[in-house]
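Step one of this worksheet: look at the structure below.
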Amino acid sequence: MADLNELLTSFTRVRGVVAAVLVGHDGLPLQSVVAPGVDEADVDVLGAIAASGLVPAQEIGQHTERGGIKQAIYEFDRGVVVIEPMGSAILVVVTDAVASLGFLRLQARKAHPELQAILADL
């Protein structure tokens with residue numbers, strides 16, 4: 001089984017991914033891997049925003065009777081942010097505009113069981 005750093009690094013191998021961060025529900029980063037030139041201080045802010053941003057998305061799912069959230073994708077002018085609940089943590093992946101969203105979603109689906117297994121042992 002891969003370790004947490006290896007799994008997060010696998011996201012940064014996807015063309016266009018600039019950061020892969022695992023944060024607690026309190027918004028504090030547990031582990032992160034960022035591309036060169038990305039400020040690590042931004043990771044702390046990103047974690048806090050992602051954790052608080054997940055709450056409204058979960059409420060939308062409950063209100064519309066769609067169930068629990070599996071993944072949230074926010075598309076911006078210069079890239080995409082993917083937020084995925086992982087039980088006791090939240091995976092946040094940040095891309096620039098050239099990233100392949102389909103490939104990124106495939107990578108997230110592939111890494112999900114291993115990430116959850118590692119988190120269960122923490």
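The values are calculated or read from the model by the stated rules, or taken from the named source; none is laboratory data. On a predicted model such as this, the values are computed, not experimentally measured, just so you know. Positions of Cβ are generated from backbone atoms using ideal geometry, with glycine treated the same way; all protein chains shown enter the neighbour counts.
Points worth noting:
- The listed residues are R109, R78, and the only one of them that is of a type in the set (K, R) and within 18 Å of E6 (Cα to Cα) turns out to be R109.
- For E65, the conditions (1) within 17 Å of S10 (Cα to Cα); (2) modelled with pLDDT of 85 or more; (3) of a type in the set (D, E, K, R) are fulfilled apart from (1).
- Residue in the range 96-103 that is under 22 Å from Q31 (Cβ atoms), of a type outside the set (S, T, Y) and not in a helix (DSSP H, G or I) present: yes
- The residues of the range 11-24 that are crowded, with 16+ Cβ neighbours inside 10 Å and over 17 Å from V80 (Cα atoms) amount to a single one, V23.
- Members of the range 26-46 found to be out of contact with any Ser or Thr (no Cβ under 7 Å at 6 or more places or on another chain), closer than 22 Å to T95 by Cα and at pLDDT 85 or above, listed by number: L28, P29, L30, Q31, S32, V34, V45, L46
Okay, residues lined up against (1) out of contact with any helix residue (DSSP H, G or I) (no Cβ under 6 Å at 6 or more places or on another chain); (2) surrounded by 11 or more Cβ atoms within 10 Å (Cβ to Cβ); (3) more than 13 Å from H25 (Cα to Cα); (4) free of Cβ contacts under 8 Å to residues at least 60 places away in the same chain:
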site: L54; (1), (2), (3), (4): yes, yes, no, yes
site: E59; (1), (2), (3), (4): yes, yes, yes, yes
site: D77; (1), (2), (3), (4): yes, no, yes, yes
site: V92; (1), (2), (3), (4): no, yes, no, no
site: L106; (1), (2), (3), (4): yes, yes, yes, yes
site: R109; (1), (2), (3), (4): yes, yes, yes, yes
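- Residue check, V33 β-branched (V, I, T) and within 19 Å of I118 (Cβ to Cβ): yes
- Check on E84, surrounded by 14 or more Cβ atoms within 10 Å (Cβ to Cβ), of a type in the set (D, E) and either within 11 Å of the chain's Cα centre (by Cα) or farther than 21 Å from L30 by Cα (or both): yes
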